[in-house]
Amino acid sequence: MGKEIPRKTAQEYYRHGLEYDKQNEFKLAIEQYDRAIAVYPEAAAYYLKRGEAFFKNKQIEQSIEDFTKAIEIQPENYEAYFDRARSYVAGNQKDKAIADIKQTVKICTDTIRINPKDTEKYINRGQVYMLLDDYDNAVYDFSRVIEINPRSDDAYVRRGIAYGMEYEFDLAIADFSKAIALNSSNDEAFLLRGEIYFFSERLEQAIQDYSNVIRLKPADPVAYAKRGFVYMMSEEAKKAHEDFPKAKSIDPQVAESIGWRMAVSGISYSHIAANVPEKDDFDKFLLRDIKEYFNANQNAEIKYEFLRKGPDQIGVSPPDYYLWVEINDNGNRQAGAMRVTAISKKTFGISTYLTKEAIEKTFSDVYKIFPLTVCVKIANKI
């Protein structure tokens, strides 16, 4: 009984820390978490949150120490491993980051083996896969939840996000629509379906979905800002000029950032559409250009798989794809990681190729070329 009173005090400090976190007052949040830990140092959650605040405040070494302490207290806490991996990346300790990412997936997988019908565990692992840009495995986990519980609107929303990240817009819309059919108050499903309609240039449907979000959450600045942007694209300036001030009156920072992000996203998507070949031509053109890169014979056998499904688009540059390629040219076999760029819907330029042998010899070179989530998959290949 003696510990209950100080523990309650620690929880008060912890709650104050969370409030400061929401306001992006990270130094003040850290002070509150310090006090919570001083009173009750056995709570992994306190170290986890202080570590996150340290990370946001760019105190990377301190964040690593806190995530490590959270793991010591709660070794099966997959969030602590994943957060520490992020800090390791920021601290340029990428080998350690990959080890933590693998441990994150392992913990989630082990819990699923114990109880294969525990939908929460599939959701957890699916979220980890999403953070790793591993959308195929994420789709599998969210689909498993749907098999176990067909009325889970949350699983449909999450699978819809995974489909959307793979540019499978029709599948994404179908999942968001199913979530809405199951729960007509699911504002997240309306918001995300609106996003897909926006990218698909179905602006009227996007406006309808953002309007539904506003109906469900009248004080949501995001929905007003997004709808205002689509009104502007639809040349409905009067309505746009009504939505933007409304969004700013609720939260000026959110309103400005949303408008900027949608503008950038629209430009990025237009560059993808302008450069990526049509589905019927994609494989044909890619194999042709890989074969040309290797100066291979016409009968050479070439296999490839995506290390990240979907294009990687930055700003206005042409979109990149990351591949693992295997070639057999008259008995001359080799394999490796490749970055290719889609150009003008007809060509793939090959900017980088690292052989499996070169990767094994100096893995640090991989970090200089490929995103960390792709590096994880390359590490699994070797």
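The values are calculated or read from the model by the stated rules, or taken from the named source; none is laboratory data. Keep in mind that this is a model prediction, so the values were computed, not measured. We place every Cβ from the backbone using ideal geometry, glycine too, and count neighbours over all the protein chains shown. The area values use the complete protein model at the heavy-atom level, side chains included, leaving out ligands, DNA and RNA. Shrake-Rupley method; radii C 1.70, N 1.55, O 1.52, S 1.80 Å.
Before moving on, here are some points about what is shown:
- Exposed loop sites are taken as GluC sites (Glu not before Pro) in a DSSP loop (any state but H, G, I, E or B) with at most 13 other beta carbon atoms within 10 Å; the longest stretch of the chain without one runs 77-200.
- The chain, relative contact order [Cα under 8 Å, separation at least 6], %: 7
- Toward the positive end of the charge dipole of the stretch 268-382, with +1 on the Cβ of Lys and Arg and -1 on the Cβ of Asp and Glu, the farthest Cα among Ile350, Ile327, Pro371 is that of Pro371.
- Screening the chain for whole DSSP H helices with an alpha carbon extent of at least 15 angstrom along the helix axis and a mean Kyte-Doolittle hydropathy of at least 1.0 yields 169-182.
- Residue-normalised accessible area of the chain, given per residue in Å² at a 1.4 Å probe: 52
- Longest exposed-site-free window of the chain, the sites being trypsin sites (Lys or Arg not before Pro) in a DSSP loop that have at most 15 other C-beta atoms within 10 Å: 152-344
- Charges were assigned to the Cβ only: +1 to each Lys and Arg, -1 to each Asp and Glu. The resulting dipole of the chain about its Cα centre is roughly 300 debye.
- Euclidean distance between Cα centres, the stretch 309-382 to the stretch 54-100, Å: 27
- Mean residue ellipticity, 222 nm, helices only, the chain: the sum of -39500 (n - 2.57) across DSSP H runs of n ≥ 4, divided by residue count and rounded to 500, is -22000 deg cm²/dmol.
- Rounded percent of accessible protein surface that carbon and sulfur make up, the chain, 1.4 Å probe: 49
- Cα-centre dipole for the stretch 303-382 with unit charges at Cβ (Lys and Arg positive, Asp and Glu negative), debye to 20: 180
- Comparing Gln74, Phe294, Asn186 along the charge dipole axis of the chain, the residue lying farthest to the positive side is Gln74, per the Cβ-charge model.
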